[in-house]
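Remarks on the structure that follows.
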Amino acid sequence: MIYLDNNATTCPLPEAVKAMQAVLVDDYGNPSSVHGAGERARRHVESARAEVAALLGARPTEIVFTSGATESTNAALRGAIAAARTNTCRIVTTAVEHEATIEVCRHLREQGVRVEIVPVLEDGRLNLGAYERALAEPTTLVSFMAANNETGVFFPLEAMVAKAKAAGAQVHVDAVQIVGKLPIDVEALGVDFVSLSGHKFYAPKGVGALYVRRGARFKPLLFGAPHEGGRRAGTENVPGIVGLGVAARHVRQGIDARRARLGALSARIEARLLALPGTRLNGAKDGRVPGVANLSFRDIEGSAIVITVARDGVCISAGSACSAAQFGGSHVLEAMGVPFEYLHGAIRVSCAESTTEAEVDAACDRIEAAVRYLRSMIPGAPSPRS
Ligand code: PLP
């Protein structure tokens, strides 16, 4: 198998799995218990919290463990709106967010919250003028992603947070796709909420974190016992949290080297596949997180390429895992105005720090062969030799 779908999920680090196994087998106490077993579990949770805090430049008390970024985003958006001291709430977000944000905004709109959606440019970058205009009206919360999960295009984080704060809004950043690839410093940014997902950076699935700035206006999503400083009820997922802590420590180190390595891999994929006629790169040439390439092949279906190469053990995706499962088009590529003949022909190839050049080359061989094969079946499509 050649696994190049790392924006969907990554393989957990062996050392994370080992640490989790030790907790499952030996230190299985409830971290709220006062006895020794509880104390040991509590120490594991708190040392993981310190690692996640260090990754973000936050204080440990500002980290709330969750089941993943979907829960973190639900908690941030719904929690900030529930805590707002006004009946006329307004959210500003963008047209290319993950479903975790889109669907919460849809729900909040049904509850009477006004939602303003800022468009993006053709290369996926933010329409900054439209963003500034959106902030001209009183805004309760601004929520946007640091980098897009389908194209890797990143937004101007510092400028966006600064403008939102100047407009008096609280700010939530979905940082899922930049962890370990770009540095984050919540103190310097002045952001209120940040969502993270463990399984996108070599931790297991079902665990994530929400950064809640001290003093942020926030009400919890889940009510129950006062876990996580009263911000998220429910007995902690200690093994998952331990895995998250190990992965956080790992990705905090060597960001520059990882970025350079991943960047070289995605550049290699693009150079190979863009040489095929009728191929386009979706997303800004510069200003993307390294390691992901989103390419469209004219007149053929991205999902057909994905299925064809899967028979040879190559794992890639057509857009995000979530939208691929629904077999719908990509709202991200639509928002970018990708021309119709390319819209359904997109594939996303995303690398991990362990991906090798040999794997990338072998995957590109299979993708090229699949494109030629699929095109050979369409009357009137460009000839593979043209
Ligand atoms: N936000 C982004 C940008 C994502 O890519 C994902 C996962 O695909 C999520 C949020 C949701 O994360 P989780 O799977 O932890 O719920």
Distance between segment 1-35 and segment 223-262 - C-alpha centres, whole angstrom:
11 Å
Accessible area of Arg43 in the full protein assembly, 1.4 Å probe (Å², nearest 10)
140 Å²
First compute the accessible area of the chain with a 1.4 Å probe, then give the percent of it belonging to carbon and sulfur atoms.
55 percent
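Relative contact order of the chain, please, whole-number percent, based on alpha carbon pairs below 8 angstrom and at least 6 residues apart.
22 percent
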So what J values fall out for segment 351-359 if you push phi through Karplus, 6.51 cos²θ - 1.76 cosθ + 1.60 with θ = phi - 60°, rounded to Hz, Gly and Pro as x?
9, 10, 5, 8, 5, 10, 4, 4, 5
Keeping every protein chain in place, order Cys11, Cys89 by accessible area at 1.4 Å, biggest value first, i.e. largest first.
Cys11, Cys89
How much of the DSSP beta bridge set in segment 120-196 is antiparallel, as a percent to the nearest 5?
20 percent
Cα-based Rg and Dmax for the chain, in Å, come out at 21.5, 74
Which lysines, on any chain, are close to Lys165 with Cα under 17 Å apart, when same-chain ones fewer than 8 places away are left out?
none
Taking amide H atoms as placed 1.01 Å from N in the peptide plane, list the residues 5 or more away in sequence, or in a different chain, whose amide H sits under 5 Å from that of Glu116.
Ile91, Val92, Thr93
With Cα atoms, 0 to 90° folded angle of helix 238-252 axis to the chain main axis:
60 degrees
What do you get for the angle between helix 157-166 and the principal long axis of the chain? Use alpha-carbon atoms, 0 to 90 degrees, nearest ten.
50 degrees
Let me check I've understood the local charge: for Leu374, count other residues with C-beta under 12 angstrom from its C-beta, Lys and Arg +1, Asp and Glu -1. What total comes out?
0
For a quick check, take a GNM of the chain with Cα springs below 10 Å and name the residue from Asn74, Asn87, Asn149 with the largest mean-square fluctuation.
Asn87
Stretch Thr356-Ala369 to full length: gain in nm at 0.36 nm per residue minus the Cα-Cα span?
2.7 nm
For segment 116-178 and segment 43-111, what is the separation of their Cα centres, given in Å?
15 Å
Residue-normalised accessible area of segment 1-104, expressed per residue, 1.4 Å probe, Å²:
44 Å²
So what's the angle, to the nearest 10 degrees on a 0 to 90 scale, between helix 99-110 and the longest Cα principal axis of the chain?
60 degrees
Go through segment 185-197 residue by residue and turn each phi into a ³J(HN,Hα) via Karplus (6.51, -1.76, 1.60, θ = phi - 60°); whole Hz please, and just put x for glycine and proline.
9, 5, 5, 5, 5, x, 7, 9, 9, 9, 9, 10, 10
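The values are calculated or read from the model by the stated rules, or taken from the named source; none is laboratory data. Every value quoted in this text rests on a predicted model; they were computed, and no experiment measured them. Reconstructed Cβ throughout: ideal geometry from the backbone, glycine too, with neighbour counts over all protein chains shown. The area values use the complete protein model at the heavy-atom level, side chains included, leaving out ligands, DNA and RNA. Shrake-Rupley method; radii C 1.70, N 1.55, O 1.52, S 1.80 Å.
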